[in-house]
Amino acid sequence: MRNLIFVTMLAAAGLGASAASAQDYPYCLQGRDYGYPGLCHFTSYLQCEATASGTFSYCGVNPRFSYAQTPRGRRPWGWY
């Protein structure tokens, strides 16, 4: 009976813990309180500026986002 409960708990924990998808956001909060590249979870520059307001931080472009490779798609006909 204990084994059945244990296996059920493991299965429930496995279903609930899915792989987190990594996403790079375009703007980072940077300053002496944050390492490089900074706190990078801002989707707009205004969000970042609002968070940086009143602190010794500033907003910058996320290097992982700006220098990431774009996925290559199919070329339209006639482009060779």
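The values are calculated or read from the model by the stated rules, or taken from the named source; none is laboratory data. Note that the coordinates shown come from a computational prediction; the quantities given were computed from them, not determined experimentally. Cβ sites come from the backbone with ideal geometry, for glycine too, and all protein chains shown count toward neighbours. Quick note on the areas: whole protein, heavy atoms, side chains included, nothing else; ligands and nucleic acids left out. Shrake-Rupley method; radii C 1.70, N 1.55, O 1.52, S 1.80 Å.
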Give me the residue from region 4-28 that is open to solvent by less than 70 Å² (accessible area, probe 1.4 Å) and over 19 Å from residue 68 (Cα atoms) and, out of that set, modelled with the highest pLDDT. 11
Pairs where the first residue, in region 38-52, is at negative phi and the second is among the polar types (S, T, N, Q) and part of a loop (DSSP other than H, G, I, E, B), C-beta under 9 Å, 6+ apart: 40/62; 41/23; 42/62
